[in-house]
Amino acid sequence: EDQVTQSPEALRLQEGESSSLNCSYTVSGLRGLFWYRQDPGKGPEFLFTLYSAGEEKEKERLKATLTKKESFLHITAPKPEDSATYLCAVQLYNNNDMRFGAGTRLTVKP
Amino acid sequence: EPEVTQTPSHQVTQMGQEVILRCVPISNHLYFYWYRQILGQKVEFLVSFYNNEISEKSEIFDDQFSVERPDGSNFTLKIRSTKLEDSAMYFCASRGLVTNEQFFGPGTRLTVL
């Protein structure tokens, strides 16, 4: 069965304390892996798409990487405004939908 | 910057009533989606829509659900007879033809009493 697992469930960091969030997947035929940010009561906000192992994408303090089994979202020197839930989702070759992980709730304290 | 919009932001209804949730996708997008998120749970796929027909649907999307693109801008989700367990945030998303990124609206919070 296709699965997307994110860890940790929750992460508390001090401002400036870099860390990584993990998304591991077991799917048949990955078309793409997506990272979204979700603030409380809001819709997911698109961050990155990764298509092949070894690919990396960066945006401000965030960098996403992809291997054949997992993806990491690295957060460098986070700020309190980076506090949110970060969602990972996979899209398969044989269908059009996205399957989401449960998310990592990130809190960055000043 | 173009964005997906959804109305209403919050809908309260009685069990057994019909509700229609409305979405205006990004104007040049061709693929449309509905997802739901029960409080504290994962975002779950409901249905995708392309070229005026459903392209895929999940097990959740049973006969009580339907989607429609009544004109060139709106995309609607109808729940015919709501149940308590339909209470959730419902997100509309759209994407263009070239890329796979889906852009989400702010959601409609549906509360079934």
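The values are calculated or read from the model by the stated rules, or taken from the named source; none is laboratory data. Nothing here was measured: the structure is a model prediction, and the numbers come from that model. So basically every Cβ, Gly included, is an ideal-geometry build from the backbone, and we count neighbours across all protein chains shown. Note: accessible area is taken over every heavy atom of the protein model, side chains too, but ligands, DNA and RNA are not part of it. Shrake-Rupley method; radii C 1.70, N 1.55, O 1.52, S 1.80 Å.
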Residue list for segment A:41-75, given a label point 7 angstrom along the Cα-to-Cβ vector of residue A:12 and an amide N cut-off under 20 Å: A:75
Å² per residue, accessible surface of the protein assembly as shown at 1.4 Å: 50
Please calculate the 1.4 Å probe accessible area of residue B:71, with all protein chains present, and give it to the nearest 10 Å². 70
Projecting each Cα onto the charge dipole of chain B (Lys/Arg +1, Asp/Glu -1 at the beta carbon, about the Cα centre), which of B:70, B:112, B:48 comes out farthest on the positive side? B:112
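Mind scanning A:42/B:83; A:42/A:109; A:59/A:79 and naming the pairs with a C-alpha gap bigger than 18 Å? Walk me through the intermediate numbers first.
Values: A:42/B:83 23 Å; A:42/A:109 21 Å; A:59/A:79 14 Å.
In this structure, A:42/B:83; A:42/A:109 lie more than 18 Å apart at Cα.
Which of rounded, prolate or oblate describes segment A:28-95 when judged by the alpha-carbon gyration tensor and an a/c cut-off of 1.5? Don't skip to the answer; put the middle values down first.
Details: a/c = 2.85, a/b = 1.46, b/c = 1.96.
Verdict is oblate for segment A:28-95.
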Roll a 1.4 angstrom probe over the protein heavy atoms and tell me the percent of accessible area of segment A:3-109 that is carbon or sulfur. 47
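Can you sort B:69, B:80 by 1.4 Å-probe accessible area, starting with the largest?
Values: B:69 55, B:80 105 Å².
The ranking, largest first, comes out as B:80, B:69.
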In units of 2.2 N^0.38 Å, the Cα radius of gyration of the protein assembly as shown is 1.02
Taking 7 Å along the Cα-to-C-beta vector as the label spot, tell me the residue A:94-residue A:77 distance in nanometres, rounded to one decimal. 4.7
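Given a cut-off of 25 Å, what percent of all Cα-Cα pairs of chain B lie beyond it?
Values: 929 of 6328 pairs.
For chain B, the fraction of Cα-Cα distances above 25 Å is 15 percent.
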Roughly speaking, to the nearest percent, how much of segment B:5-112's 1.4 Å accessible area is carbon and sulfur? 47
For labels at residue A:52 and residue A:22 in the simple 7 Å Cα→Cβ model, what's the distance in nm? 2.7
J(HN,Hα) series, segment A:2-9, from Karplus relation 6.51 cos²θ - 1.76 cosθ + 1.60, nearest Hz, glycine and proline x: 5, 9, 10, 10, 10, 8, x, 5
